[in-house]
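Asker: The structure follows.
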Amino acid sequence: MRREGGEVTGRLGLIAGTAWVLLGLVWFAGTPISDAIGWRAIDAFWALCGLAGLAALVSLHRPYRHEYGLRGRIGLWIAIVGTAIFVLGTVASAATGSESDLVFVAVTLGYLLVFVGSAVVGVSFLRAGVASRTGSILFVLALPLGLLLAGLAGITLASTVSGFDVEGAVAGGPPVLYGLGWLAIGARVRTEPDRQGGL
């Protein structure tokens, strides 16, 4: 028997995964895209990506509620709160056209909470032996490995592309790995059997 809510969570996970990968790539590219369409449009796009992630996170509880334990629930709530703060910050930035100190703090705090909470969820999934192992590992490693890989890629590009913003590019790495994690989890949850017999 398939997991209750698995089909919906799977679809939302695939949408969220695609959105977060695109968010990370846009963030990594930075200035060329912002020059072309403007930061308000980018902030609005980030807000939409965050909303897709929020929907997927909220739906993630149902198929795994019996298996990922208290630690997983806490991690899920941290990620949900972080995503909501990130969305509010990007909406405020898109609406005002400027990034105040408060908006910067909200986006940064939300960003960090998304990856910390998701790492906890990933660890809980790995311990329970559920969801996609690859996706769970990507959830755990998204922040540290994403920062490292984007930093190395940014330094390499900065040596060949004049004016490339390495500091801005670094923040694009974790969303790409997080999105890939969602794609793996979204694909798996749609077909994964329910070990609790549908309870």
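Asker: Only one of A150, A184 is in contact (Cβ under 8 Å) with a residue 40 or more places away in the chain, closer than 19 Å to A29 by Cβ and crowded, with 17+ Cβ neighbours inside 10 Å; which?
Answerer: A150
Asker: Does V130 meet the test of being assigned to a loop (DSSP other than H, G, I, E, B), of a type in the set (V, I, T) and either in contact (Cβ under 8 Å) with a residue 12 or more places away in the chain or on the phi > 0 side of the Ramachandran plot (or both)?
Answerer: yes
Asker: Only one of T18, T90 is among the hydroxyl-bearing types (S, T, Y), under 16 Å from the mean Cα position of the chain (by Cα) and open to solvent by 40 Å² or more (accessible area, probe 1.4 Å); which?
Answerer: Exactly one residue qualifies, and that residue is T18.
Asker: Which of the following residues is buried (at least 18 other Cβ atoms within 10 Å of the Cβ), closer than 20 Å to A171 by Cα and of a type in the set (G, A, S): G38, G50?
Answerer: From the options G38, G50, the qualifying one is G50.
Asker: Across the stretch 20-60, what is the number of residues that are farther than 18 Å from V121 by Cβ and assigned to a helix (DSSP H, G or I)?
Answerer: 28
Asker: Here is a further query. Could you please find all residues in the stretch 126-142 being open to solvent by less than 40 Å² (accessible area, probe 1.4 Å) and at pLDDT 95 or above?
Answerer: Across the stretch 126-142, the qualifying residues are G135, S136, L138, F139, A142.
The values are calculated or read from the model by the stated rules, or taken from the named source; none is laboratory data. Owing to the predicted nature of the structure, the values given are computational and were not obtained by experimental measurement. Note: ideal-geometry Cβ built from the backbone for every residue, glycine included; neighbour counts use all protein chains shown. Protein only, heavy atoms only, side chains kept; ligands, DNA and RNA dropped before computing areas. Shrake-Rupley method; radii C 1.70, N 1.55, O 1.52, S 1.80 Å.
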